[in-house]
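Below is one structure, written out as C-alpha coordinates, with a few remarks after it.
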Amino acid sequence: MMSSLFSESIWALRNVRARGWRAILASGLLAIALAANLLVFSAADSLVFHRVPYLEAARLVTVARIDPRTGELGDSLVSPAQLDEWRKQSDLFSGVHGYLTKTLFLTSGGEPDLVPTADITPGLIELLGAAPRWGRSLDAADAHAIDPQVVLISERLARRRFGNPAQAVGRQLETTDRPLLVVGVMPSDFRFPEGRQDIWRALDPRGPLTRNFAGVQSIARLTPAMSVETAARAMAQ
(Lines give C-alpha, C1' and ligand atoms only; values in the text may rest on other atoms or scores of the structure.)
Protein backbone atom coordinates (compact mmCIF):
# COMPACT_ATOMS: atom_id res chain seq x y z
CA MET A 1 0.00 0.00 0.00
CA MET A 2 3.02 2.31 0.26
CA SER A 3 6.21 3.08 -1.66
CA SER A 4 9.38 1.05 -1.29
CA LEU A 5 12.05 1.60 1.34
CA PHE A 6 14.62 1.34 -1.44
CA SER A 7 15.17 5.13 -1.55
CA GLU A 8 15.85 5.19 2.20
CA SER A 9 18.44 2.43 1.79
CA ILE A 10 20.14 4.38 -0.98
CA TRP A 11 20.11 7.44 1.34
CA ALA A 12 21.91 5.52 4.06
CA LEU A 13 24.52 4.07 1.71
CA ARG A 14 25.12 7.39 -0.02
CA ASN A 15 25.58 9.29 3.23
CA VAL A 16 27.80 6.64 4.82
CA ARG A 17 30.00 6.76 1.75
CA ALA A 18 30.04 10.56 1.55
CA ARG A 19 30.32 11.40 5.26
CA GLY A 20 32.39 9.32 7.58
CA TRP A 21 30.67 10.75 10.63
CA ARG A 22 27.43 9.22 9.45
CA ALA A 23 28.88 5.74 9.47
CA ILE A 24 26.73 4.79 12.44
CA LEU A 25 23.82 4.63 10.02
CA ALA A 26 25.23 1.23 9.14
CA SER A 27 24.45 -0.11 12.61
CA GLY A 28 22.23 -3.14 12.28
CA LEU A 29 18.65 -3.80 11.36
CA LEU A 30 16.31 -5.69 13.65
CA ALA A 31 13.36 -7.51 12.07
CA ILE A 32 10.44 -8.87 14.05
CA ALA A 33 7.54 -10.97 12.80
CA LEU A 34 4.11 -9.45 13.44
CA ALA A 35 0.90 -11.06 14.67
CA ALA A 36 -1.77 -11.61 12.01
CA ASN A 37 -4.32 -9.44 13.81
CA LEU A 38 -2.04 -6.46 14.47
CA LEU A 39 -3.89 -3.34 13.34
CA VAL A 40 -1.15 -1.16 11.92
CA PHE A 41 1.00 -3.75 10.11
CA SER A 42 0.14 -6.37 7.54
CA ALA A 43 0.59 -10.04 8.44
CA ALA A 44 3.22 -10.54 5.74
CA ASP A 45 5.55 -7.84 7.05
CA SER A 46 8.06 -7.26 9.83
CA LEU A 47 9.43 -4.12 11.43
CA VAL A 48 12.88 -2.73 10.90
CA PHE A 49 14.51 -0.41 13.42
CA HIS A 50 17.68 1.33 12.32
CA ARG A 51 19.57 4.00 14.12
CA VAL A 52 20.34 7.54 13.08
CA PRO A 53 23.12 9.96 14.18
CA TYR A 54 21.66 12.59 16.51
CA LEU A 55 21.54 13.30 20.23
CA GLU A 56 21.34 9.94 22.04
CA ALA A 57 21.17 8.31 18.63
CA ALA A 58 20.78 4.83 20.09
CA ARG A 59 17.28 5.85 21.25
CA LEU A 60 16.21 7.25 17.86
CA VAL A 61 14.67 4.77 15.46
CA THR A 62 12.73 4.66 12.25
CA VAL A 63 10.02 2.09 11.79
CA ALA A 64 9.60 0.41 8.43
CA ARG A 65 8.80 -2.96 6.91
CA ILE A 66 10.75 -5.93 5.61
CA ASP A 67 9.19 -8.96 3.95
CA PRO A 68 10.13 -11.99 6.10
CA ARG A 69 9.57 -14.33 3.16
CA THR A 70 12.12 -12.67 0.90
CA GLY A 71 14.21 -10.55 3.27
CA GLU A 72 13.63 -7.57 0.97
CA LEU A 73 13.00 -4.07 2.25
CA GLY A 74 9.40 -3.07 1.72
CA ASP A 75 7.11 -0.18 2.57
CA SER A 76 8.43 2.70 4.66
CA LEU A 77 5.55 5.19 4.48
CA VAL A 78 3.02 5.14 7.31
CA SER A 79 -0.44 6.66 7.52
CA PRO A 80 -1.51 9.45 9.90
CA ALA A 81 -3.57 6.83 11.75
CA GLN A 82 -0.44 4.74 12.29
CA LEU A 83 1.43 7.73 13.68
CA ASP A 84 -1.46 8.40 16.03
CA GLU A 85 -1.45 4.77 17.14
CA TRP A 86 2.29 4.77 17.83
CA ARG A 87 2.01 8.02 19.80
CA LYS A 88 -0.32 6.22 22.20
CA GLN A 89 2.51 3.82 23.06
CA SER A 90 3.94 6.17 25.68
CA ASP A 91 5.62 3.29 27.49
CA LEU A 92 7.64 2.59 24.32
CA PHE A 93 8.15 6.00 22.69
CA SER A 94 8.66 9.45 24.18
CA GLY A 95 7.92 10.97 20.77
CA VAL A 96 6.85 9.88 17.28
CA HIS A 97 7.01 12.15 14.22
CA GLY A 98 6.61 12.06 10.47
CA TYR A 99 8.34 13.68 7.51
CA LEU A 100 8.52 13.75 3.72
CA THR A 101 11.33 14.88 1.41
CA LYS A 102 10.59 17.11 -1.58
CA THR A 103 12.10 19.85 -3.74
CA LEU A 104 10.95 23.48 -3.89
CA PHE A 105 11.71 26.01 -6.61
CA LEU A 106 12.62 29.39 -5.14
CA THR A 107 11.97 32.32 -7.44
CA SER A 108 13.14 35.40 -5.53
CA GLY A 109 15.80 36.66 -3.11
CA GLY A 110 18.58 35.60 -5.47
CA GLU A 111 18.92 33.36 -8.49
CA PRO A 112 16.07 30.88 -9.13
CA ASP A 113 17.00 27.73 -7.26
CA LEU A 114 15.80 24.15 -6.75
CA VAL A 115 16.08 23.54 -3.00
CA PRO A 116 15.84 20.13 -1.27
CA THR A 117 13.14 20.36 1.39
CA ALA A 118 11.74 18.28 4.24
CA ASP A 119 8.16 18.57 5.44
CA ILE A 120 8.26 17.66 9.16
CA THR A 121 5.70 17.40 11.94
CA PRO A 122 6.19 20.09 14.63
CA GLY A 123 8.32 18.73 17.47
CA LEU A 124 10.57 16.64 15.24
CA ILE A 125 13.44 19.13 15.60
CA GLU A 126 13.22 18.83 19.38
CA LEU A 127 12.99 15.04 19.12
CA LEU A 128 16.45 15.11 17.53
CA GLY A 129 17.79 17.30 20.34
CA ALA A 130 18.26 20.26 17.98
CA ALA A 131 17.11 23.89 17.96
CA PRO A 132 17.31 26.89 15.61
CA ARG A 133 20.33 29.14 16.05
CA TRP A 134 18.22 32.17 15.13
CA GLY A 135 14.48 32.58 15.63
CA ARG A 136 12.17 29.85 16.84
CA SER A 137 11.23 26.29 15.99
CA LEU A 138 8.00 25.05 14.40
CA ASP A 139 4.83 24.64 16.46
CA ALA A 140 1.47 22.96 15.93
CA ALA A 141 -0.21 26.13 14.62
CA ASP A 142 2.45 26.42 11.89
CA ALA A 143 1.33 23.12 10.37
CA HIS A 144 -1.99 24.76 9.46
CA ALA A 145 -0.54 27.99 8.06
CA ILE A 146 -1.21 28.12 4.32
CA ASP A 147 -0.31 31.53 2.91
CA PRO A 148 2.48 32.03 3.69
CA GLN A 149 3.72 28.61 4.78
CA VAL A 150 5.93 28.65 7.87
CA VAL A 151 9.46 27.25 7.52
CA LEU A 152 12.88 26.81 9.03
CA ILE A 153 15.85 27.24 6.71
CA SER A 154 19.48 26.21 6.88
CA GLU A 155 22.25 28.63 7.73
CA ARG A 156 23.77 28.13 4.29
CA LEU A 157 20.50 29.05 2.55
CA ALA A 158 20.07 32.05 4.85
CA ARG A 159 23.54 33.31 3.96
CA ARG A 160 22.98 32.69 0.26
CA ARG A 161 19.63 34.46 0.17
CA PHE A 162 19.89 37.13 2.89
CA GLY A 163 23.58 37.55 3.70
CA ASN A 164 23.23 37.66 7.49
CA PRO A 165 21.33 34.61 8.86
CA ALA A 166 19.97 36.67 11.78
CA GLN A 167 18.24 38.91 9.24
CA ALA A 168 16.46 35.98 7.60
CA VAL A 169 13.96 35.57 10.46
CA GLY A 170 10.64 37.18 9.52
CA ARG A 171 11.55 37.36 5.83
CA GLN A 172 9.77 35.58 3.01
CA LEU A 173 10.96 33.32 0.22
CA GLU A 174 8.92 33.20 -2.97
CA THR A 175 8.22 29.88 -4.65
CA THR A 176 6.29 28.81 -7.73
CA ASP A 177 3.43 27.87 -5.38
CA ARG A 178 3.15 30.23 -2.38
CA PRO A 179 5.45 32.33 -0.18
CA LEU A 180 7.40 30.83 2.71
CA LEU A 181 7.73 32.72 6.00
CA VAL A 182 11.07 32.09 7.71
CA VAL A 183 10.63 31.77 11.49
CA GLY A 184 14.00 30.20 12.30
CA VAL A 185 17.43 29.34 10.96
CA MET A 186 19.06 26.01 11.77
CA PRO A 187 22.80 25.89 12.59
CA SER A 188 25.24 24.84 9.88
CA ASP A 189 25.89 21.42 11.43
CA PHE A 190 22.22 20.37 11.44
CA ARG A 191 21.37 17.57 9.00
CA PHE A 192 17.98 15.95 8.52
CA PRO A 193 17.12 13.65 6.97
CA GLU A 194 19.65 13.35 4.15
CA GLY A 195 22.16 16.14 4.81
CA ARG A 196 20.94 18.03 1.71
CA GLN A 197 17.80 19.76 2.95
CA ASP A 198 17.85 23.55 3.28
CA ILE A 199 14.15 24.11 4.07
CA TRP A 200 11.91 22.46 6.67
CA ARG A 201 8.16 23.10 6.41
CA ALA A 202 5.65 22.41 9.18
CA LEU A 203 3.68 19.30 8.22
CA ASP A 204 0.17 18.23 9.12
CA PRO A 205 0.08 14.51 8.13
CA ARG A 206 -3.57 14.95 7.18
CA GLY A 207 -3.03 18.27 5.41
CA PRO A 208 -2.33 19.35 1.83
CA LEU A 209 1.42 18.72 1.96
CA THR A 210 0.77 14.96 1.97
CA ARG A 211 -1.43 15.12 -1.11
CA ASN A 212 -0.38 12.47 -3.65
CA PHE A 213 1.56 10.60 -0.95
CA ALA A 214 0.46 7.30 0.60
CA GLY A 215 1.83 8.38 3.99
CA VAL A 216 4.92 9.79 5.67
CA GLN A 217 8.30 8.53 6.82
CA SER A 218 8.52 7.98 10.56
CA ILE A 219 11.07 8.66 13.29
CA ALA A 220 10.62 7.97 17.00
CA ARG A 221 12.52 8.19 20.27
CA LEU A 222 12.47 5.26 22.66
CA THR A 223 11.75 6.00 26.30
CA PRO A 224 14.80 5.89 28.61
CA ALA A 225 13.90 2.46 29.99
CA MET A 226 13.19 0.90 26.59
CA SER A 227 15.65 -0.99 24.41
CA VAL A 228 15.21 -1.57 20.68
CA GLU A 229 14.79 -5.30 21.29
CA THR A 230 12.15 -4.82 24.00
CA ALA A 231 10.26 -2.29 21.90
CA ALA A 232 10.29 -4.68 18.96
CA ARG A 233 8.84 -7.49 21.05
CA ALA A 234 6.19 -5.20 22.53
CA MET A 235 5.03 -3.94 19.15
CA ALA A 236 4.88 -7.48 17.80
CA GLN A 237 2.54 -8.37 20.66
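Some points to look at:
- Stretchable slack from GLN167 to LYS102, in nm (0.36 nm times residue separation minus alpha-carbon distance): 20.8 nm
- Each residue of the stretch 152-165 was assigned a 3J(HN,Hα) from its phi angle through the Karplus curve 6.51 cos²θ - 1.76 cosθ + 1.60 (θ = phi - 60°); the sequence is 9, 10, 6, 4, 5, 5, 4, 5, 5, 8, 10, x, 9, x Hz, with glycine and proline shown as x.
- Solvent-accessible area of VAL96, all protein chains in place: 10 Å² (probe radius 1.4 Å, heavy atoms, ligands and nucleic acids excluded).
- Using θ = phi - 60° and Karplus 6.51 cos²θ - 1.76 cosθ + 1.60, couplings along the stretch 209-215 (whole Hz; Gly, Pro as x): 5, 9, 4, 6, 10, 7, x
- In Hz, Karplus ³J(HN,Hα) per residue of the stretch 81-95 (6.51, -1.76, 1.60; θ = phi - 60°; x = Gly, Pro): 5, 5, 4, 4, 5, 5, 5, 6, 7, 5, 7, 9, 10, 8, x
- When the trypsin sites (Lys or Arg not before Pro) in the stretch 198-237 are filtered for DSSP coil states and for at most 12 other beta-carbon atoms within 10 Å of their beta-carbon, the remaining sites are ARG211.
- Annotation: extensible slack from ASP91 through THR230 equals 48.9 nm (criterion: 0.36 nm per residue apart, minus Cα-Cα distance).
- What a 1.4 Å probe finds exposed on the stretch 75-146 is 53% carbon and sulfur by accessible area, rounded to a whole percent.
- Built amide H within the under 5 Å cut-off of VAL63, gap 5+: SER218
- Shown is the FRET efficiency for ASP189 and ASP139, computed with R0 = 35 Å from the Cβ-Cβ distance and rounded to the nearest 0.05: 0.90.
- Taking a ≥ b ≥ c as the square roots of the eigenvalues of the Cα gyration tensor, the stretch 85-237 is prolate, since a/c reaches 1.5 or more and a/b is larger than b/c.
- Of the trypsin sites (Lys or Arg not before Pro) found in the stretch 73-103, those in coil by DSSP whose Cβ has at most 12 other Cβ atoms within 10 Å are LYS88.
The values are calculated or read from the model by the stated rules, or taken from the named source; none is laboratory data. Small disclaimer: the values here were computed from a predicted structure and weren't measured. Glycine gets a Cβ as well: all are built from the backbone with ideal geometry, and neighbour counts include every protein chain shown. What goes into the accessible areas is simple: the full protein's heavy atoms, side chains included, and nothing from ligands, DNA or RNA. Shrake-Rupley method; radii C 1.70, N 1.55, O 1.52, S 1.80 Å.
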